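See structure below.
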Amino acid sequence: MFDLDFLFDQCITTSIKGIILILIILGLQYLFKKNFTAKWVYTLWAIVIIRLLIPISPLENVLSLYNLGLVKRITFNMNNIILGRLGTSYSNFNFIGRDIPVDLLVKKAFTLNWNHLFASIWFIGILLFLFIFIYINLNILLLLKKSNLCLDKKILFNMIECQKRVKVKKKVTLYVTSHISSPMTYGIISPKIIIPKDIIDNIDEKELQFIFLHELIHIKRYDVFFNILGMLVCTLYWFNPLVWYIFFRSKKDCELACDEAVLELLNSKDYTDYGFTLLKILELNSKNNINNTLIAKALINDRSEANARIFQIKGYTKKSKPAIIFSIFIIIMIGLIGLNDDTSIRPSISYAKENLNDYLYESEHTVRSKFGNYPIHTFFMKVNNIPYSILYYNIMGEKVQFWYDGTIGDSSRKTIEITTTGYKDIKQGMSTGKALSIAKKQNMQLIDIRKMDSLEKYFYIDNNSYMMLLIDSNTQRVYSITLY
């Protein structure tokens, strides 16, 4: 069963990373768009899509953009104290010079969980937008059923010749329909080109060739697949307007990059004819009352987009080799910088709730190495005037705190106890009866029960270590689990 709160936290963190990366790329595009190719601009958006789809990157080094500390730490307050066996030895403890009742912290754990509320809203939004995007694709499939397979040998021969020029070896199926107003491409494994009947009837062989070249380049570059990934990103980050902006912006840049690739295949004499073909299709669109707003990939959509593309065609010149090399260098650097993670937020892949007690009596150095050199927070607590140093991590959705004797030097500190919100299917907030039942099924040996004014402690032996469940007597729910 997935941890919704953990996934939401990861989504927010990754969204912040994405915003930082988007702003940097927008700045680079503003500075270099006139100097570099449209394909360069489009490729930068691919890096953003990849970043947003991998919350935890496999890359990690000093080039990480996120080592700036902008997304490293979360807000810390009293609620971040889970309270271990040592912390509940007395009714009060000192924390950063303040005397705080244990009962107060335990009660705060069962107030309205705003994070979970927002996580639930986020998940409902995902389901809604997922339904919308599935509906869009179902409309395209219905469109294909209504379309006629093109059997005109002359048209098919023209498309095959274009395939050879673009070097597309896949079998491409051509459909003709009167239900859309602009050419489009659909399918990844078995790609299909769909051409409106009005366009087939009103353009000549050369203009049709331009359309085929454009659509075949979409197929060669897997732009349909990239479009699906863009939809997935918008589904996951539906709350982030900047993500929606780059999705629609990337679609326009995709068309510009495709135009550029077509121009590379043409003679300079054909540039003007290609531009007029786009205008002719736009004119046919304006005369057609068909509403195809649900169609994901169309050759040309509106006048503003047409103007940008005509302007690019008019001023098109092949870029120099130094410019191309420099643009590739920038893409590689942005990829390395944007796709590298900060070590402090990378959970250990070796972590499992079942082996958490393996870290008892491990040195502080070992714990930091396993779970990141920079915990979410480090704080100190005094119990009976003895100081304790605590490392606080959020590991795979569980809040985990490693306690150390603060009177001992850093080099020789060993873990005294581990407090966590989850261990062997026992979770914080779980009812007492269910938690005790799980402990029994896990063959944990109950050795003691102690009851205080509003707290209950259940002590067990498990895997050669002791475990304590801290229970809120009023709500009869688990507050924390301690291993020692």
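The values are calculated or read from the model by the stated rules, or taken from the named source; none is laboratory data. The structure displayed is predicted, hence computed values, not measured ones. As a convention, Cβ positions derive from the backbone with ideal geometry for all residues, glycine included, and neighbour counts pool all protein chains shown. Each accessible area value is taken on the protein alone, full model and side chains, heavy atoms only, with ligands, DNA and RNA left out. Shrake-Rupley method; radii C 1.70, N 1.55, O 1.52, S 1.80 Å.
What order, most packed first, do the peptides 39-49, 123-133 have when packing is the mean number of other Cβ atoms within 10 Å of each residue?
Values: 39-49: 21.5, 123-133: 13.6.
So the order, starting with the most tightly packed, is 39-49, 123-133.
Quick one: grab the alpha carbon gyration tensor of segment 141-202, order the square roots of its eigenvalues as a ≥ b ≥ c, and give me rounded if a/c is under 1.5, else prolate or oblate depending on whether a/b is larger than b/c. Can you show the working numbers first?
On the way: a/c = 1.97, a/b = 1.28, b/c = 1.54.
Taking the square roots of the gyration eigenvalues as a ≥ b ≥ c, segment 141-202 is oblate.
Taking 0.36 nm per residue of separation and subtracting the current Cα-Cα distance, fully stretching the chain between Lys167 and Ile189 would add 6.3 nm.
If r is the Cβ-Cβ distance from Gln476 to Asp99 and R0 is 22 Å, what FRET efficiency results, to the nearest 0.05? Plugging the Cβ-Cβ distance into 1/(1 + (r/R0)^6) gives 0.20. Once the Cβ-Cβ distance of Lys451 and Asp405 is raised to the sixth power relative to R0 = 22 Å, the FRET efficiency obtained is 0.20. Given R₀ = 45 Å, FRET efficiency for Ser412-Phe118 by Cβ-Cβ distance, to 0.05? About 0.60, to the nearest 0.05.
At a probe radius of 1.4 angstrom, the accessible area of segment 134-177 per residue rounds to 69 square angstrom.
Most tightly packed first, judged by the mean number of other beta-carbon atoms within 10 Å of their residues, the peptides 265-274, 231-240 read 231-240, 265-274.
Which order do peptides 142-151, 380-389 fall in by mean Cβ count within 10 Å, highest first? Don't jump to the answer; show the numbers that get you there.
On the way: 142-151: 13.2, 380-389: 14.7.
Result, highest mean first: 380-389, 142-151.
Placing dummy labels 7 Å off each Cα toward the beta-carbon, the span from Asp273 to Lys107 is 8.3 nm.
Computed from phi, the 3J(HN,Hα) profile of segment 416-421 under the Karplus parametrisation 6.51, -1.76, 1.60 (θ = phi - 60°) reads 7, 7, 10, 10, 8, 9 Hz, with x in place of Gly and Pro. Close amide-amide hydrogen proximity is noted between Val383 and Tyr388, each under 5 Å apart and 5 or more residues distant or on a separate chain (H modeled in the peptide plane; Pro and chain starts excluded).
Computed 3J(HN,Hα) for segment 83-88, one whole-Hz value per residue from the Karplus formula 6.51 cos²θ - 1.76 cosθ + 1.60 where θ = phi - 60°, is 6, x, 4, 5, x, 10, glycine and proline marked x.
Pop out the carbon and sulfur fraction of the accessible area of segment 148-251 as a percent, whole number, probe 1.4 Å. Can you show the working numbers first?
Numbers: 3040 of 4890 Å².
Result for segment 148-251: 62 percent of the exposed heavy-atom area is carbon or sulfur.
Within a straight-line Cα-Cα reach of under 13 Å, Lys440 can be paired with the following aspartates and glutamates, leaving aside sequence neighbours fewer than 8 residues apart in one chain: Asp425, Asp462. Between Leu26 and Asp201, the contour length at 0.36 nm per residue exceeds the alpha carbon distance by 58.9 nm.
Scalar couplings 3J(HN,Hα) for segment 153-168, obtained by applying the Karplus form with A = 6.51, B = -1.76, C = 1.60 to θ = phi - 60°, are 5, 5, 5, 5, 5, 4, 5, 4, 5, 5, 4, 5, 5, 7, 6, 9 Hz; x denotes Gly and Pro.
Extension gain for Asn355 to Asn385 (0.36 nm times residue separation, less C-alpha to C-alpha distance): 7.6 nm.
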